[in-house]
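Only one structure is covered here, and it is reproduced in the block below.
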Amino acid sequence: MAGYLCWVTWAWPAGLDRRLTEINGAPGAVLYTDGSTWAVLCLDINGDNRIQAVHLILNPDKLTGVR
C-alpha cells in the first residue's frame, strides 16, 4: 500500500501540506491545499505496532467537518 501511495503522488495537487493528528484514536494526517482539506489519511495499528491498514478519505462530502 505504501508503494501505491508513493506512486500516485504525481496526481496529488501541488503545494499539498499536512498536519499530523490523531483520528478516531489512531495516528493519521489531514492533507490540505490552499487552506482547505483535500484528504484524511488514517492508519490502523495492530497489537505489534505494525500498520495493518491505511485509510485514505478523498470524498469531499465526507471531509466537510474536518479542520
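Which is in contact with a Lys or Arg (Cβ under 8 Å, 6 or more places away or on another chain) and not basic (Lys, Arg), of THR37, THR64?
On the way: THR64 fails: in contact with a Lys or Arg (Cβ under 8 Å, 6 or more places away or on another chain).
Within the list THR37, THR64, the selection yields THR37.
Scan the range 1-36 for residues that are of a type in the set (Val, Ile, Thr) and modelled with pLDDT under 85 and report the count. Explain how you work it out, then say what you get.
Keep residues of the range 1-36 that are of a type in the set (Val, Ile, Thr), which gives 8-9, 21, 23, 30, 33.
Subset that is modelled with pLDDT under 85: 8-9.
Of the residues in the range 1-36, 2 are of a type in the set (Val, Ile, Thr) and modelled with pLDDT under 85.
The values are calculated or read from the model by the stated rules, or taken from the named source; none is laboratory data. Everything numeric here is computed off the predicted structure, so don't read it as measured data. Positions of Cβ are generated from backbone atoms using ideal geometry, with glycine treated the same way; all protein chains shown enter the neighbour counts.
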